[in-house]
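Laboratory data are not the source of any read-out in this text; all were calculated from the coordinates shown. Since we're looking at a predicted model, the values are computed, not measured. Here the Cβ is made from the backbone with ideal geometry for all residues, glycine too, and neighbour counts use every protein chain on show.
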Amino acid sequence: MKTLLKFSIVSPLLLLFVLSGCKKTNHKGAAQEQKTESKVVLKAIIRDNGKTEYQYNEFGKVKRINRFNNKTGLTEYLIYDYNDNQPTQIRRFGQNYESNEMTLKNTYKVFYRNNRIIRIEHYNENKEDITSHLFFRYQDSIAAKGPLVACEVNSSGTYKSGTIYSFSYDERGNIIKESAGTTATTFESTFQYDNSVNPLFGIDGFERLLHYEYSFQDAFNFIAFLSPNNCIYSDREQNVNRQKIAQASYAYIYNENKMPIKLKTTVRTSQLEYDYEQEDPNANPYQMATREENYNQQFEYQTITVKLNP
């Protein structure tokens, strides 16, 4: 079945300054209030089965993410809380099917050193028990300086060693290789990129970083959050026998500003279970197969006027 995607760009928001009289002012605060700039931001991503919308604060930072399903409507939303223009807490609300209301599901607390993220704590809905940690390791981890070289995910809620994801970069700052494992590397993923701006860079991904199951699609979302260009190919190999267990290609259509407006993704994965329960009760219900799926999505942008930091 072909999906027809429509693309629209929201007209830029115009900030009108009404000047009355000729009186000069030297108030430093007033001058700072008038320092603004126009910024093109990601408004929405529309997929075959739903949509993700992004809302921003006056400084151009994402403040809310809404996720919709075409059949069920709003399925979840995230609220970003800031301190000194840095996100210190993200709260995820999801559908409670018993009460038919949106309730708090998860809380992510973000900690910094020298303006770099060093740790994220993931809490369950009661905000008391830590479900998992994510530690960020930099080239100079003590001072939190240099490139991010690894992340350690601990799903037990304690500060013992967990799964470590190590990164290698190209000259543009894109992650081109990821190695994952505990005491030894269990799989490696590689990534290739285009030369265009990635609209998801640093925007949508905080809560995805703590997926300790870390599926192949999670890996793509994680890398999209950390890399400035758009991924056009990715694969994953098991370290034991160097067998390729998943791969995907990503084909973009760009606007005149070389920003992606449409994406067609071909995902191949060996993590599919055949379901023979009704057709053949004697078959193995856990037999693995290879499936190819096509995902289409569309990017929408808007231009907003944001305050500059003093």
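What order do you get for Glu128, Glu237, Glu300 when you list them from fewest to most C-beta neighbours inside 10 Å?
Glu128, Glu237, Glu300
Collect residues whose amide H, placed 1.01 Å from N in the peptide plane, falls under 5 Å from the amide H of Tyr193; neighbours closer than 5 in sequence don't count.
Ile232
Relative to the present Cα-Cα distance, how much length would full extension add between Lys61 and Arg119 at 0.36 nm per residue of separation?
So the extension gain works out to 18.9 nm.
Once both labels are modelled 7 Å past Cα along the beta-carbon direction, what's the Ser38-Lys258 spacing in nm?
2.0
On a 32 Å Cα-Cα criterion, which of the cross-link pairs Lys177/Lys264; Lys39/Lys145; Lys63/Lys145; Lys258/Lys307; Lys61/Lys262 come out too long?
none
Take the Cβ-Cβ distance between Thr182 and Asn294 as r, set R0 to 30 Å, and report the resulting FRET efficiency rounded to the nearest 0.05.
With a Förster radius of 30 Å, E is 0.30.
Go through segment 52-68 residue by residue and turn each phi into a ³J(HN,Hα) via Karplus (6.51, -1.76, 1.60, θ = phi - 60°); whole Hz please, and just put x for glycine and proline.
Coupling constants for segment 52-68: 10, 10, 10, 10, 10, 8, 5, 9, x, 9, 5, 10, 7, 10, 10, 10, 10 Hz.
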